[in-house]
Amino acid sequence: MALPVVLADDGVAAGEAVEYLSANTAVMRAEALWRKPGCAGAVAASRTGDPATGDLGDAKLIRKFGDLPDDLSEL
């Protein structure tokens, strides 16, 4: 998945995550999102589970772009 981190009035906020079939695609998409105006950064992560049912495990960080906090749970 790729998740943009957008600029907000009170700092930064997580945007809408988009699922991808491969980690490589998620990394490339996260990098492209990070380069867009108004985007403070982006992360590429992987999750296991069934997206159709919403039964997903915790995300595992693959790569982050931009100046993002170490603790991404704050987003």
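What is the calculated FRET efficiency for ALA52 to SER22, with r their C-beta to C-beta distance and R₀ = 22 Å, to the nearest 0.05? Walk me through the numbers on the way to the answer.
Working: r = 18 Å, r/R0 = 0.83.
Using R0 = 22 Å, I get an efficiency of 0.75.
Of ALA14, GLY54, LEU33, which is farthest towards the positive pole of the chain's charge dipole, taken about the Cα centre with +1 and -1 on the beta-carbons of Lys, Arg and Asp, Glu respectively?
The residue sitting most towards the positive pole is LEU33.
Which of VAL27, VAL12, VAL43 moves most in a GNM of the chain, Cα contacts under 10 Å?
Among VAL27, VAL12, VAL43, the largest GNM mean-square fluctuation belongs to VAL12.
Given [x] 24, 14, 10; [y] 21, 14, 11; [z] 41, 13, 11 as candidate values of semi-axes √(5λ) of the Cα gyration tensor in Å, which corresponds to the one derived from the coordinates?
Read-out taken from this structure: [y].
Computed from the coordinates by the stated procedures, all read-outs in this text should not be read as laboratory data. Since we're looking at a predicted model, the values are computed, not measured. Here the Cβ is made from the backbone with ideal geometry for all residues, glycine too, and neighbour counts use every protein chain on show.
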